[in-house]
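Each remark here refers to the structure printed beneath this line.
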Amino acid sequence: TVEKSEHTNLTAKLIRRNVTVELVSDPPGAEFSLANGADLIGGGTEHKLFSVPWGALDLVARYKRLGAITNHVTLAAEKGNPEVRFKFEYGTLVLTNLPADIVVFEGRDKVGSAADQQVYEPPGRHAYALRGRTNPQTMAVTINPSGVSFLKIPTAEKSWKNGLGMFFAWVPNLPGGGA
């Protein structure tokens, strides 16, 4: 309370107004946060639009198995802001040639299964374990950046029946490395 003609000094900390920015990752599906670890929750189509404070920011994109990328951006308070892109180095591992009961691991990390259809992996040599059968298999695959790789199953069953009662048969040595 300030009386008439009385002067009092106050210190006020102002909070920056938020602006909307579009964050895009390649491959799609990264999780975004501020450098301080505060998660950003998207809105709009495909959850690409994020509300963040204007000014200089470090924005982080994280993608499981691909790591994190930090982009330093300066966002304007009054005008539209450009989209911010995060490009990971990766290759695509196609899993559609796996039987439905197989799950692919690398060490303790679950990589995916046939239901995932494809996953994005860091480039380089990987040692994968195929689990879900009585005889687990291991195999080494080199993931090429911006390329497509397949798991070539050395010993596949000749045929199997899915949950709907449909029969399938493996055809080895198809073009493109699939089976």
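The values are calculated or read from the model by the stated rules, or taken from the named source; none is laboratory data. Here the structure is a predicted model, which is why all the values come from computation and not from measurement. Every residue, glycine as well, gets a Cβ built from its backbone with ideal geometry; the counts of neighbours run over all protein chains shown. What goes into the accessible areas is simple: the full protein's heavy atoms, side chains included, and nothing from ligands, DNA or RNA. Shrake-Rupley method; radii C 1.70, N 1.55, O 1.52, S 1.80 Å.
Give me the extension gain from Leu10 to Ala115: residue separation times 0.36 nm, minus the current Cα-Cα distance, reported in nm with one decimal. Stretched out fully, the Leu10 to Ala115 stretch lengthens by 31.8 nm.
Nonpolar atom fraction for the chain, defined as the carbon and sulfur part of the 1.4 Å probe accessible area, stands at 53 percent.
The heavy atoms of Met139 present about 30 square angstrom of accessible area, all protein chains included, probe 1.4 Å. Here each label is just a point 7 Å from Cα along the line to Cβ, and for Thr1 and Phe105 those points are 7.0 nm apart. Note on Ala68 and Met139: the extension gain reaches 22.9 nm, defined as 0.36 nm multiplied by sequence separation minus the Cα-Cα distance. As a calculated quantity, the FRET efficiency between Glu83 and Ser146 at R0 = 22 Å, using C-beta atoms, amounts to about 0.60. Peptides 86-92, 109-115 ranked from most to least packed give 86-92, 109-115, packing being the mean of other C-beta atoms within 10 angstrom over each peptide's residues. What relative contact order, as a whole-number percentage, does the chain give when Cα pairs under 8 Å and 6 or more residues apart are counted? Computed over the chain, the figure is 16 percent.
Looking at region 66-147, the accessible area is 55 square angstrom per residue; that uses a 1.4 Å probe and ignores ligands, DNA and RNA.
Given +1 at the Cβ of Lys and Arg, -1 at the Cβ of Asp and Glu and no other charges, the dipole of region 98-139 around its Cα centre is 140 debye to the nearest 20.
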